[in-house]
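Undergrad: Here you go, one structure.
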Amino acid sequence: QVQLVESGGGSVQAGGSLRLSCAASGYIRCMGWFRQAPGKEREVVALIDIDGTTVYADSVKGRFTISKDNAKNTLYLQMNSLRPEDTAMYYCAANRYCTVVVAAVRYWGQGTQVTVSS
């Protein structure tokens, strides 16, 4: 069993920063962050594999950083230079292999809201 609990969301002004956290119980190879804005499909933000390899959506490259603390089994997403288009519900995710296909992801957190104002 894998359980995921996100925290750290909130409201910020454009150009600001937020750090999201995901506390995981259980062990699984690949973890990542997805987001979903109202009326939009859920999309990948960033993934990190067990060997530390990372993948980022083009829209967040250079602004967001995914990392994990293996000892604490906790995933993080540092978000800098936030833009209004980053506004979405952000979901922590875990899977036996890394994939950007939403339907293939087995485990999801409950989501944490990020709102960026102009």
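Undergrad: Given Cβ point charges of +1 (Lys, Arg) and -1 (Asp, Glu) and nothing else, what value in debye, to the nearest 20, does the dipole of the chain about its Cα centre take? Don't jump to the answer; show the numbers that get you there.
TA: On the way: 12 positive and 9 negative charges, 24 e Å.
For this selection, approximately 120 debye.
Undergrad: What length, rounded to one decimal in nm, is gained on full extension from Arg63 through to Gln113, with 0.36 nm per residue of separation minus their alpha-carbon distance?
TA: Numbers: separation 50, 0.36 × 50 = 18.00 nm, distance 1.82 nm.
Taking 0.36 nm per residue and subtracting the Cα distance, the gain is 16.2 nm.
Undergrad: List the residues, sorted by chain then number, that are 5 or more residues from Gly111 or on another chain and whose placed amide H is less than 5 Å from its amide H.
TA: Placed amide hydrogens put Glu6, Cys92 under 5 Å from Gly111.
Undergrad: Of the heavy-atom accessible surface of the chain (probe 1.4 angstrom), what whole percent is carbon and sulfur?
TA: C and S atoms contribute 48 percent here.
Undergrad: Keeping every protein chain present and rolling a 1.4 Å probe, give me the accessible area per residue for the chain in Å².
TA: Working: 6250 Å² over 118 residues.
Here the per-residue accessible area is 53 Å².
Undergrad: Over the range 25-99, consider all pairs of different Cα atoms and compute the Kirkwood hydrodynamic radius from their mean reciprocal separation; express it in Å, one decimal. Walk me through the numbers before you get to the answer.
TA: Numbers: mean 1/r = 0.0779 Å⁻¹.
Computed over the range 25-99, the radius equals 12.8 Å.
The values are calculated or read from the model by the stated rules, or taken from the named source; none is laboratory data. Here the structure is a predicted model, which means the values were calculated and not measured. Note that we place each Cβ from the backbone using ideal geometry, even for glycine, and neighbour counts take in every protein chain shown. These area figures cover heavy atoms from the full protein model, side chains too; ligands, DNA and RNA do not enter into them. Shrake-Rupley method; radii C 1.70, N 1.55, O 1.52, S 1.80 Å.
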